[in-house]
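> To start, I am sharing the structure in question, which I have written as structure tokens.
The values are calculated or read from the model by the stated rules, or taken from the named source; none is laboratory data. No experiment lies behind these values; they were computed from the predicted model shown. Here the Cβ is made from the backbone with ideal geometry for all residues, glycine too, and neighbour counts use every protein chain on show. Note: areas computed on protein heavy atoms with side chains; ligands, DNA, RNA excluded. Shrake-Rupley method; radii C 1.70, N 1.55, O 1.52, S 1.80 Å.
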Amino acid sequence: MRTAIVSAMQEELAAVLALMPHEAKQVAAGREFWVGRLHGHEVVVVLSRIGKVAAATTAAVLVERFGIGEIVFTGVAGGLAPGVDVGHVVIADSFVQHDLDASPIFPRFEVPLYGTSTFACDRGLTRRLTAAVAAALPGVHVHRGLVASGDRFVATTAESGALRAALPDALAVEMEGAAFAQVCHDFGIPFAAVRTISDRADDMAHLDFATFIRDVASRHSAAIVRALLG
Ligand code: SAH
């Protein structure tokens, strides 16, 4: 089975891409898809680009054009719940779109015509990913639960406070996961996601994010992918 390994940004995936420099590059929808083998597994590695629309396009192309059987997202996120701190790891078990609001026709956060506000990740794949994180990053604090996605880089204490109040169960905030989860639900493709916390989505977020994405994000992704496929 072909596994898709996806990140939003080059900085998150650089060390993984460096492991497959001689693989075949295919361009679709303006993205570069690296098709080949990693640790003996058939993989497609791609940068989704940032945001929910970019993520949804990437997910659909992976399924329809590259015939992948499962998608794993690895990247960074802002910590939202108390105690979800920089350097911790969050494994998603479901996703919500924090900026989706078709009220009063539908309840806030509900995805119209789906009758739900959350999409679950695949249990089996998430179990494998959790084991991979434990093996790759021993001693790192791991959280598992709901992750919120939206088309905003949340970088003020006021905005992250409002999100915490509206979605008290959300552990972290990022910009792609809920789109992957919804598209994978539509196609019946297993999806799992891991995010290292790069910032606290507060007034310091832009500084913490920049340092973290440079120093840690790619190393974490490569270690996790190696443990997952190895
Ligand atoms: N200023 C950055 C913005 C990148 S967007 C730049 O110029 O490159 C942030 C990326 O990291 C997104 O892909 C998102 O999924 C994740 N992310 C990390 N921290 C986040 C936060 N506080 N809010 C939203 N997304 C965050």
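> Give me the percent of the accessible area of the chain that comes from carbon and sulfur atoms, probe 1.4 Å, all protein chains in place. Each step should come with its number before you reach the end.
Values: 5310 of 9660 Å².
It is 55 percent, rounded to a whole number.
> Once you sort the root eigenvalues of the Cα gyration tensor of region 122-230 as a ≥ b ≥ c, which label holds: rounded (a/c under 1.5), prolate (a/b larger than b/c) or oblate (the other case)?
Oblate shape, in that a/c is at least 1.5 and b/c is the bigger or equal ratio.
> Follow-up question, since we're still on this one. Compute the accessible area per residue over the chain, keeping the other protein chains in place, probe 1.4 Å, unit Å².
Accessible area per residue: 42 Å².
> For n ≥ 4 DSSP H runs only, could you compute -39500 (n - 2.57) per run for the chain, divide by its residues and tell me the 222 nm figure to the nearest 500? Don't jump to the answer; show the numbers that get you there.
Values: 7 runs with 82 residues, N = 230.
Dividing the helical sum by the residues of the chain leaves -11000 deg cm²/dmol.
> Turning to a different aspect of this structure: At a Förster radius of 35 Å, what calculated FRET efficiency corresponds to the Cβ-Cβ distance of Arg2 and Ala166, to the nearest 0.05?
0.40
> I'd like the distance between the alpha-carbon centres of region 140-172 and region 1-57, rounded to an integer number of Å.
With region 140-172 and region 1-57 each reduced to a Cα centre, they are spaced 26 Å.
> Sticking with this one: Could you run the Karplus curve 6.51 cos²θ - 1.76 cosθ + 1.60 with θ = phi - 60° over region 98-106 and give me ³J(HN,Hα) per residue in whole Hz, x for Gly and Pro?
6, 9, 9, 8, 9, 6, x, 5, 10
> Here is a further query. Please figure out what share of the DSSP beta bridges in region 68-163 is antiparallel and state it in percent, rounded to the nearest 5.
Taking every DSSP beta bridge with both residues in region 68-163, the antiparallel ones total about 35 percent.
> With +1 on each Lys and Arg Cβ and -1 on each Asp and Glu Cβ, how big is the dipole of region 3-229 about its Cα centre, in debye rounded to the nearest 20?
540
> Could you derive backbone 3J(HN,Hα) for region 136-147 from the dihedral phi with the Karplus parameters 6.51, -1.76 and 1.60 (θ = phi - 60°), listing whole Hz in sequence and x where the residue is Gly or Pro?
Karplus values, whole Hz, x for Gly and Pro: 7, 10, x, x, 7, 6, 10, 10, 9, x, 6, 10.
> Non-local amide H neighbours of Gln97 (under 5 Å, H modeled in plane, Pro and chain starts lacking H): which ones?
Amide H neighbours of Gln97, under 5 Å, 5+ apart: Ser149.
> Moving on to the next point. Under 19 Å from a label point 7 Å along Cα→Cβ of Arg123: give me every residue in region 141-166 with its amide N that close.
What the label zone holds, given the 19 Å backbone N cut-off, is 144-147.
> Looking at the chain only, what percent of DSSP beta bridges run antiparallel? Nearest 5 please.
Approximately 40 percent, going by the DSSP bridge assignments.
> Each residue of region 164-177 in order: what ³J(HN,Hα) in whole Hz does its phi give by Karplus 6.51 cos²θ - 1.76 cosθ + 1.60, θ = phi - 60°, with x for Gly and Pro?
4, 5, 6, 10, x, 7, 6, 7, 8, 10, 8, 10, 9, x
> Further, regarding this structure: So between Phe106 and Arg214, what do we pick up on full extension, going 0.36 nm a residue minus the alpha carbon distance?
The span from Phe106 to Arg214 would gain 34.8 nm if fully extended.
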